[in-house]
Structure formats: structure tokens, C-alpha cells
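The structure appears below as C-alpha cells.
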Amino acid sequence: MKVHHEKTRSMVRKAYGTVARKAVSCCSGSSCCGPKPAKSEGELGLSCGNPVGFSKIKKGMTVLDLGSGAGKDVFIAAPLAGPKGRVIGVDMTPEMLKLAAKNLAKFTARTGLKNVEFRKGLIEKLPVKDGEADLVISNCVVNLSPDKPEVFREAFRALRPGGSMVVSDIVLNKELPPALKKHAGLYAACVAGALLRQDYLGAIKAAGFKGVKLLGDTLYRAGGTCSDPITDKAGKALDGTASSITVLALKPGAKQRKN
């Protein structure tokens, strides 16, 4: 199983390393992953939603972004958290971390904020302390993990009691054909590695989260979603098969912050 997991991570790392080096998106125009906020540092078009927009981040909060990539959501969250808050991005791809560091220099010069840091690590084994974060966010990344239940267990561990998680992701409404499940490009495009909707939500609940709630739910359409061959090769087989969802989940404990 560990060998299979590392093979999957290697495939994803290679795909996103290529994106980082080229600094181009796999998605353009009408995104394969739904609407996006205004363009900012770190915008590579790799998202599948807007978890920051749903999170209502408050000054002084510590925000943890799983699979932060070039830093798009980190840089959107940082001004909301303010100078007394912190935003931590975690990613496993060296090329993405290098790009994020370049973007951070631009962000700091533009805003004067010094509340952002990026850490190298796996989202299945987060380089954070227990209860370090008030909020965990993730944008079209958990579905890339070979062990999604472990990601949610780690997110739960990283949150303080009373903290919350808001994740945008791709889920399947029905099983993919076997050939598409093995499609490396589709895996990197957030689709082939996705769980069935009920299994995804079930994994969140099994990790210990309560108050699991859908905040957004948009049917995935393949047509015209990507300018490169990643999803074009799948054609109409993907239409109606998957959805982009945004989920809120709470860690029981101290009084919840109002979301």
C-alpha cells in the first residue's frame, strides 16, 4: 500500500512540478473547477472553488492551507488574518514551493505583511503542531491524496478545539470507468483520484468532525474546461460524473467562532 501511495504522490508531484515550471494553468476560461476570486499572486488556475470566500476569516486567526501550491489562497487569506494572524501553506512539490517563495516576496513588497510562511510536507503528515490552526482550508487538493481519510484526520489534529475546516474539492457522483481511474492527467486535473460523494463526506465525519455542511455544489463539465490535453482526452465521459463541492466541518470543543 505504501508503494502505491508513493507512486501516486510521485505522479502528482511530477504533474504539478511541470505546471509550476511553466507557470501556466491546466484550466482556463470556464474553469474545470468552478468560479475563482480575482487574480492574485499564486493564481495558476488549479483550484476547484473558493474556500477562503466561504471561511469568513477574522483578524488574528491562524489559517492552514493544505496543498497550497503557488500560494493563491494563502495570499488571499493573509490580509484577512491581518498582521497578528498567520497563514501557513503546506505543499510537497519543490517547484511549487519555489514559485510560492517568489510570489511571497512580491506579496510582502505589495502589502507589507509578514504573516505568511510555506512549509514542505505531506498533507497526510502535516508539519504542524496539534491544535496550531483556527481554520484549515484546501482547494482541489485532498482528492489528489492517496489516503484521503488520513488527510482529514491530520486536519482534525491540526485544528484547535472549536476550529473549522472549509475545503473545496471534486467528488464523483458515480464511479469512473476503470480506464479513466488510471489516467495520470486526469488524476492531476482533480478527477481520477476523487471519491464518491458519500465516501468523501463520510471520511470527514469519521475523522471526528461535526456539523458537516455543503456550502457549494456545482456539476463538473468537461467541455471547454482545459486548454491542454489533460481532460480533453476524456471527452464527454466526464460530463455529469463529478461535482465541485465546498464543505464546512467543525471540530468539537471550545465555543465556535462565528462562520
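Quick note: the coordinates plus some simple rules give every number you see, no bench work behind them. Worth saying up front: this structure is predicted, and the values here are computed from it rather than measured. Here Cβ is always computed from backbone atoms with ideal geometry, including for glycine, and neighbour counts include all displayed protein chains.
Near residue 65, the amide H atoms lying under 5 Å from its own belong to 88, 89, 90, 137; only residues 5 or more places off or on other chains count, and H is placed 1.01 Å from N.
If you rank 197, 119 by fewest surrounding Cβ atoms within 10 Å, what's the result? Don't skip to the end; give the middle numbers.
Details: 197 17, 119 14.
Placing the least packed residue first, the sequence is 119, 197.
If you keep only loop residues by DSSP, which GluC sites (Glu not before Pro) in region 130-181 have at most 12 other Cβ atoms within 10 Å of their Cβ? Passing sites in region 130-181 are 175.
Sorting 157-169, 92-104 by their mean Cβ neighbour count within 10 Å, with the most densely packed peptide first, gives 157-169, 92-104. The amide H of residue 163, built 1.01 Å from its N in the peptide plane, has 251 as neighbours under 5 Å, considering only residues 5 or more places off or on other chains. Using the structure shown, list the pairs from 84/205; 114/251; 72/174; 174/213 with a Cα-Cα distance above 23 Å, or answer none. Too far apart for the 23 Å limit: 84/205; 114/251; 72/174. Between residue 125 and residue 175, residue separation times 0.36 nm minus the direct Cα-Cα distance comes to 15.2 nm.
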